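For reference, the structure is listed below as structure tokens.
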């Protein structure tokens, strides 16, 4: 019978215990169960991208730990959702963190006048892309082949022009976070949170299970530290 149910403070109470050797150290007391979730909410997109790359190259991430999977099946992730929200909301928080991290860079670009130059180029690109289709519509031309050719040219021009403007603006490239890989990072946060909850409630976990549940969050922290070192 499952005996997982919420306490008055909203955190779940767990009674699941894992058979462990008699000489295992006592469970850690006073663990902050919010630590991983709060830390994940402070990550920016660049830190997330670095953590994904690190996870993809880690041997431990190739397979799911059976004990951790069993623990996940028996416990909810309400506490993590409280801090991160949905996966989309978590990504939006990370975008806001990145914007804040780049605020000083954008201020420097504005002071140098490069932002005005880039804005003028963007306006020029918009005009160049909209003028041909607008001319065709204004002259009531219904040549489908001509419309297709103009559309293809505008599409290529938009890609090339956008690439040029990105280089000209000298703003770090926006990370492309794949949804399934971001979901794996979230699972790592949930695993670390559940280990902390169980230890805080006095549940005895085997060292192997505790380590497996915490290693994903530890990997994320290492990636975040590496990204911070690049900015310093």
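The values are calculated or read from the model by the stated rules, or taken from the named source; none is laboratory data. Here the structure is a predicted model, which means the values were calculated and not measured. Heads up, the Cβs are rebuilt from the backbone with ideal geometry, glycines too, and the neighbour counts pull from every protein chain shown.
Which one is nearest to residue 225 (Cα to Cα), of the residues in the stretch 45-88 that are in contact (Cβ under 8 Å) with a residue 24 or more places away in the chain and assigned to a loop (DSSP other than H, G, I, E, B)? Before the answer, list the steps.
So the first thing to find is which residues in the stretch 45-88 are in contact (Cβ under 8 Å) with a residue 24 or more places away in the chain, and the list is 45-56, 58, 60-61, 65, 67-68, 71-72, 74-80, 82-84, 87.
Remaining after also requiring assigned to a loop (DSSP other than H, G, I, E, B): 58, 65, 75-77.
Details: 58: 17, 65: 26, 75: 30, 76: 29, 77: 26 Å.
For the stretch 45-88, the residue satisfying everything is 58.
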| message | Condition first: in a helix (DSSP H, G or I) and either buried (at least 17 other Cβ atoms within 10 Å of the Cβ) or at pLDDT below 90 (or both). Now tell me which residues in the stretch 202-216 satisfy that. | response | 209, 210, 212, 213, 214, 215, 216
| note | Residues in the stretch 94-120 that are surrounded by 11 or more Cβ atoms within 10 Å (Cβ to Cβ) and at pLDDT 75 or above total 12
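Matching residues to (1) touching a strand residue (DSSP E or B) at 6+ places or on another chain (Cβ under 9 Å); (2) over 14 Å from residue 184 (Cβ atoms):
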position: 54; (1), (2): no, no
position: 64; (1), (2): no, no
position: 79; (1), (2): yes, yes
position: 86; (1), (2): no, yes
position: 92; (1), (2): no, yes
position: 97; (1), (2): no, yes
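One line per residue, one yes/no per condition, for (1) in the same structural domain as residue 193 (by TED's automatic domain parsing); (2) surrounded by 12 or more Cβ atoms within 10 Å (Cβ to Cβ); (3) modelled with pLDDT under 95:
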| position | (1), (2), (3) |
| --- | --- |
| 47 | yes, yes, no |
| 52 | yes, yes, no |
| 55 | yes, yes, no |
| 59 | yes, no, yes |
| 63 | yes, no, yes |
| 67 | yes, yes, yes |
| 70 | yes, yes, yes |
| 84 | yes, yes, yes |
| 87 | yes, yes, yes |
| query | Checking residue 126 against (1) over 24 Å from residue 81 (Cα atoms); (2) in contact with a helix residue (DSSP H, G or I) (Cβ under 8 Å, 6 or more places away or on another chain); (3) surrounded by 12 or more Cβ atoms within 10 Å (Cβ to Cβ), which single condition isn't satisfied? | reply | (2)
